[in-house]
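Nothing in this text is a laboratory measurement; each read-out follows from the coordinates by a stated rule. Small disclaimer: the values here were computed from a predicted structure and weren't measured. Every residue, glycine among them, receives a Cβ derived from its backbone with ideal geometry; neighbour counts consider all protein chains shown.
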Amino acid sequence: MVKKHYKNRLVYLVLVIILLALVFTLTPARNLLDLKALLANKDKLLEAVQNWYFPAVLIYIFLYMAVVALSIPGATAVTLTGGFLFGPLFSVLYINIGATSGAAILFMASRYFFGEMIQKKYADKLAKFNKEMEENGRNYLLTLRLIPVFPFFLVNLFPGLTNIPLRTFIWTTSLGIIPGSFAYAYLGYAGSTFEAGEGVPPQLILAMVFLGLMSLLPVVVKRIRKNRSDLSGNGLE
C-alpha cells in the first residue's frame, strides 16, 4: 500500500505538471517550436539575438530545459532553432546546459516520486539489479545517450527508479548528447543560410551527410559488439 506521503508527492507532481503545461501552452513560448514562423521572421530574430544576446541565450536555455523536463514533443525543433539563432558551436553549449538540466529535473522527479518507493518496497528483489547498475550503469547510460534507441524522456525517467547517482546521470547525459546535438544544430545553422532561388548551400549538404553518418552509428556499434562477442567465444581475447 502506498504511504500517504507518497500519495501527496504524486498530487504535487500532477499539479506542477499541469501548471507548467498551461504556462507553456498559453504563452508565446509555444511559438518558439514553430519552425515555419522562425524562418518567416529570420532576419528580425537574428537581429534581436544580436542586440539582446545574453537575454536570448537565457530564454533559450530555460525553454530547452522546460521542453525536456516536461517531455514536450519538440526538442528536435528547439535544437534546430539553437543552431539557427546561435550558430553550430555555441548552440551546442546552450543545448547541453538546457537539455542536461531538464533531464536532471525529470530524473530527480522520477526518483523522488517513484524511485524511493519502488526501491524500499522491492529492496530484496532489486538487490542483484542494483549491483549490476552500480557496476555498469554509467556504461549503459552513456550508450543510450550516444545511440538514442529509446525516446529521450524514457532515458531520463527510468534511471530515477534505479540507484544510479545523480552525478553519473548528469555527466553521461552531458557527454552523450553532444554528437546528436551538434548534428541537428548544424542542420539548423545550415537552414539559416538557405535562400530561395540560390541553390542548396554546402552547409546544408554537409549537415545532411553528418546526420546520415549519425544514423549509421547504431549499426557500427552493433557490428563492433558482435565482433567482440565472436572473438570472446573463440577464446581470442
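If you wrap the range 62-124's Cα atoms in a convex hull and average its projection over all directions, what's the area in nm²? Before the final figure, lay out the partial values.
On the way: hull surface 19.9 nm².
Orientation-averaged projected area of the Cα hull: 5.0 nm².
Can you list the residues of the range 64-78 with backbone N under 19 Å from a point 7 Å past the Cα of LYS36, pointing along Cα to Cβ?
In the range 64-78, the label zone of LYS36 (backbone N under 19 Å from the point 7 Å along Cα→Cβ) covers 73-78.
Fewest to most neighbouring Cβ within 10 Å: what's the order for TYR186, TYR94?
Listed from fewest to most nearby Cβ atoms, that is TYR94, TYR186.
At what distance in nm do the modelled label points of ASN163 and LEU58 sit from each other, each positioned 7 Å from its Cα along Cα→Cβ?
Label-label distance for ASN163 and LEU58, simple model: 4.1 nm.
Could you give the radius of gyration (one decimal) and Dmax (whole number) of the Cα atoms in the range 125-169, in Å?
Rg, Dmax (Cα atoms, Å): 10.4, 30.
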